[in-house]
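The values are calculated or read from the model by the stated rules, or taken from the named source; none is laboratory data. Given the structure is predicted, the values throughout are model-derived calculations rather than measurements. All Cβ positions, glycine included, derive from the backbone under ideal geometry; neighbour counts span all protein chains shown.
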Amino acid sequence: MENNKKTWSGRFNEPVSELVERYTASISFDHRLATYDIQGSLAHAAMLANQGIISNDDLAAIEQGLAQILDEVRNNQFIWLQELEDVHLNIEKRLTALVGDAGKRLHTGRSRNDQVATDIRLYLRASIDQIIDLIKAMQQALLDLAELHTNTILPGFTHLQVAQPVSFGHHLMAYFEMLKRDVGRLSDCRKRVNQLPLGAAALAGTSYPIDRELVAQKLNFEGICDNSLDAVSDRDFAIEFCACASLIMTHLSRMSEEFILWMNPSFGFIELADRFCTGSSIMPQKKNPDVPELVRGKTGRINGHLVALLTLMKAQPLAYNKDNQEDKEPLFDTVDTLVDTLRIYADMLTGVRVNQEAMRQAAMRGFATATDLADYLTKKGVPFRDAHEIVAKTVQFAEQKNCDLSDLELTELQKFSPQIEDNIFAILTLEGAIKSRNHTGGTAPEQVHAAIEKAKKWLSGSL
Ligand code: ARG
């Protein structure tokens, strides 16, 4: 035990109880910051030597010791001890065991407060980069599917009632747009994550002649946190990331909800590959869309993490408080959940089987081209409100006859408006309806192709 005596224990007369030790320790979860902690320590030590605060011999010993520790961590050989509280003290203790006094000099001009803030920022920066790559892979999968379906028609809904026909490609590209904004948000958040806290020390800075710019440069930070109190205490960058994550999950949850509906035999629009579904232990006929359901469910968990971090922060006086130790588990779980969800989604999209006939039939059933008939009349001089009324009556008539507008005879249509001519039938078809919405952002196949081309350019970085 003497060997593992707490770094701060000289002042204390009695050890903490086992329960308090366990309660206050973070090693069970923060050990995953180890590689970032080492990275930060190497930059800090190099700066100390450069400034003449420690000797070059000490630096060499620290570098050698940390290299060995990194090896041990990577090979799962490092023994994490709860009595050493957290990742920082575990590594420092091991370093000192390996290289002696040089290890004890590493913490000169630094505190765990600026150290942990640096570790989280390094971790989060790497996570953001990984997540952006995964979003882009998913966007590529959406694009590939959309490209096959610029002429596949399904009913577009408002209020979950058939509204107007759209192409499946257009529908998929809506999600591409959402994810594109998500990438934008993450990239913006990254700039604020990518600032160096080290040098703030415990809260007020340090009396050693440190060079923070040098440390920032070594760790590839874009800048340094300009106020030491702020640097060690605020976790707004993590909250901001969690807000981005909530929005990403919200988008994926919306898509999941649609997949679940579309898998229902009453829709029957799509089938997911079997590997994303499970059966029921009692009902042999079932094929359940478990993966989309879980994505929808896990969105609640991610939203919960955002609220947890906001609540964690809201009443903290400056500067560092131990409350902040609670930032890690929600943050780690947000990253892990998001990474898995995005991976699974990109894979799932490649296995979507589309039932074009079911989509078409659904679009036919709901008088999806009624607006087109109204627009037709309006273009012939009938005021839109009157055209709306004429079409409402025509729809009522077709409903009684149990047929689509396009199945009515010309003479029947003309009873509702003499302005209707033979050319109406091209307009009442689903194809005619989507083709006519031919402007930027519209569902006409030509426009969806253009949107896909633009999206490809964006993905390749040339836009
Ligand atoms: N494990 C701590 C955390 O996660 C590290 C910083 C502790 N600082 C302190 N003064 N106790 O926030």
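List of remarks:
- When Ala117, Ala141 are screened for being at negative phi and more than 16 Å from the ligand (Cβ to nearest atom), only Ala141 passes.
- Filter result for Lys136 (more than 16 Å from the ligand (Cβ to nearest atom), over 33 Å from the mean Cα position of the chain (by Cα), modelled with pLDDT of 95 or more and part of a helix (DSSP H, G or I)): no
- Checking each residue in segment 12-41 for being more than 13 Å from the ligand (Cβ to nearest atom), hydroxyl-bearing (Ser, Thr, Tyr) and in a loop (DSSP other than H, G, I, E, B) picks out only Ser17.
- Filter result for Glu409 (over 30 Å from Leu142 (Cα atoms), among the acidic types (Asp, Glu) and under 37 Å from the mean Cα position of the chain (by Cα)): no
- Among the residues making up segment 250-274, those that are farther than 12 Å from Glu293 by Cα and among the hydrophobic types (A, V, I, L, M, F, W, C) are Trp262, Phe267, Phe269, Ile270, Leu272, Ala273.
- Only helices (runs of 4 or more DSSP H) whose full extent lies in segment 201-295 are considered here, and the ones with at least 2 residues that are surrounded by 20 or more Cβ atoms within 10 Å (Cβ to Cβ) and in contact with a Phe, Trp or Tyr (Cβ under 7 Å, 6 or more places away or on another chain) are 228-233, 236-263.
- The lone exception for Gly442 - which of (1) touching a strand residue (DSSP E or B) at 6+ places or on another chain (Cβ under 9 Å); (2) more than 20 Å from Phe269 (Cα to Cα); (3) among the small types (Gly, Ala, Ser) it fails: (1)
- Subset of segment 162-199 (residues that are outside any helix (DSSP H, G or I) and closer than 22 Å to Gly441 by Cα): Val162, Ala163, Gln164, Pro165, Val166, Ser167
- Answer residue from segment 29-68, given it is surrounded by fewer than 22 Cβ atoms within 10 Å (Cβ to Cβ) and charged (D, E, K, R) and is nearest to Arg121 (Cα to Cα) among those: Arg32
- Pair list, Cβ under 6 Å, 6 or more apart: segment 10-37 residue closer than 30 Å to Asp71 by Cα, other residue aliphatic (A, V, I, L, M) and more than 13 Å from the ligand (Cβ to nearest atom): Ala34/Val73; Tyr36/Leu122
- Check on Asp333, charged (D, E, K, R), within 16 Å of the ligand (Cβ to nearest atom) and out of contact with any Lys or Arg (no Cβ under 9 Å at 6 or more places or on another chain): no
- Residue match in segment 154-161 (condition: without any contact (Cβ under 8 Å) to a residue 40 or more places away in the chain, of a type in the set (Val, Ile, Thr) and either over 29 Å from Gly40 (Cα atoms) or within 16 Å of the ligand (Cβ to nearest atom) (or both)): yes
- Some residue of segment 311-318 being within 16 Å of the ligand (Cβ to nearest atom), touching a residue at least 12 places away in the same chain (Cβ under 8 Å) and not aliphatic (A, V, I, L, M): yes
Residue-by-condition table, conditions (1) within 16 Å of the ligand (Cβ to nearest atom); (2) in contact with a Ser or Thr (Cβ under 6 Å, 6 or more places away or on another chain); (3) over 30 Å from Leu179 (Cβ atoms):
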residue: Thr341; (1), (2), (3): no, no, no
residue: Leu349; (1), (2), (3): no, no, no
residue: Ala358; (1), (2), (3): no, no, no
residue: Pro383; (1), (2), (3): no, no, yes
residue: Ala387; (1), (2), (3): no, yes, yes
